[in-house]
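J.: After the structure tokens below, expect a handful of questions from me.
FYI, it's all coordinate maths here, none of it is from the lab. Please read all numbers here as calculations on a predicted model, not as lab measurements. Because the Cβ atoms are built from the backbone with ideal geometry, glycine has one as well, and the counts that use them run over all protein chains shown.
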Amino acid sequence: MRVLSIDTATEAASCAVIEDNKLLGEITFNFEKQHSVILMPMIDNLLGSIHLDISDIDGFVSSKGPGSFTGLRIGMSTIKGLSFGTQKPFISVSTLDALAYNLAYSSGIICPILDALRNNIYTAFYTFEGEDLKRISDYMVISIDKLINKLKDEKAVHFIGDGTGKFKDILKSNISGSYFAPCHLNFARASSLGQLGLGLLKQGIAEDLNQSTPIYLRKSQAEREYDMKMGLISNE
């Protein structure tokens, strides 16, 4: 089975084509690019480089967040459009799951962290059981202080994601068993996303194009500003 996967949940944009257990190609940009401008050219370039047409793809995988509201909408709508146009199945996978899968077979807890602004992060906790990635917590948006409180007694915690650069010092000083992924792994690679999605599609698991929505975990900035204006929440 051959799948096309994309991740647009953060500032990085990534697309990949996987055929069973073989990565045919992957393109990633992580430099102030607008996803709405570069995503389709990235997909076209990738398919052309590996001599495939969109009709050669058997299924599609999209990131569903959490992450950038705009980026997620662009990515998921693009993949849904391709799925609808080709009548091929579609599945979405959490950005946090894909980040954790970048550290496949690590011992201890894997903790992906995405910057959610105002000292908050998007996160979840994972472990590997044999070859299987297991999520052992809910998807969360919490403060960095609360994260430290949850993990401070763990013997080994592997941090990964775009929040590591911002919070590395405080995590390292408060969690003695903390380890940090190298920079080339700190974004959700489309290949990791695709591998997880491929496994689901092979099991016959697919999503309804009309029902599938991103995982936001929190309201958008515009919604929060409106709530503050109306006195529904405090400006914290």
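J.: Across segment 47-91, which residue is nearest to the chain's Cα centre (by Cα) among those that are among the hydroxyl-bearing types (S, T, Y) and surrounded by 24 or more Cβ atoms within 10 Å (Cβ to Cβ)?
T.: S63
J.: Of the numbered conditions (1) within 30 Å of I144 (Cβ to Cβ); (2) of a type in the set (V, I, T); (3) surrounded by fewer than 16 Cβ atoms within 10 Å (Cβ to Cβ), T8 satisfies every one except a single condition; which is it?
T.: (3)
J.: Right, something else. Return the residues of segment 148-163 that are touching a Leu at 6+ places or on another chain (Cβ under 8 Å) and not in a loop (DSSP other than H, G, I, E, B); say none if nothing qualifies.
T.: Correct list: I148, V157, H158, F159, I160.
J.: Let me ask something additional. Somewhere in segment 81-93, is a residue touching a His at 6+ places or on another chain (Cβ under 8 Å), in contact (Cβ under 8 Å) with a residue 24 or more places away in the chain and more than 22 Å from G71 (Cα to Cα)?
T.: No, segment 81-93 contains no residue that is touching a His at 6+ places or on another chain (Cβ under 8 Å), in contact (Cβ under 8 Å) with a residue 24 or more places away in the chain and more than 22 Å from G71 (Cα to Cα).
J.: While we're on this one: Just give me the residues in segment 201-215 being assigned to a loop (DSSP other than H, G, I, E, B) and either on the phi < 0 side of the Ramachandran plot or surrounded by 14 or more Cβ atoms within 10 Å (Cβ to Cβ) (or both), in sequence order.
T.: Selection gives Q203, I205, A206, E207, D208, L209, N210, Q211, S212, T213, P214, I215.
J.: Taking the options L133, L193, name whichever one is part of a helix (DSSP H, G or I), surrounded by 13 or more Cβ atoms within 10 Å (Cβ to Cβ) and either without any contact (Cβ under 8 Å) to a residue 40 or more places away in the chain or not small (G, A, S) (or both).
T.: Only one candidate passes the filter, namely L193.
J.: Restricting the first residue to segment 166-190 and requiring it to be assigned to a loop (DSSP other than H, G, I, E, B), which pairs with a second residue that is exposed (fewer than 14 other Cβ atoms within 10 Å of the Cβ) meet a Cβ separation below 7 Å and a spacing of at least six or different chains?
T.: G177/K155
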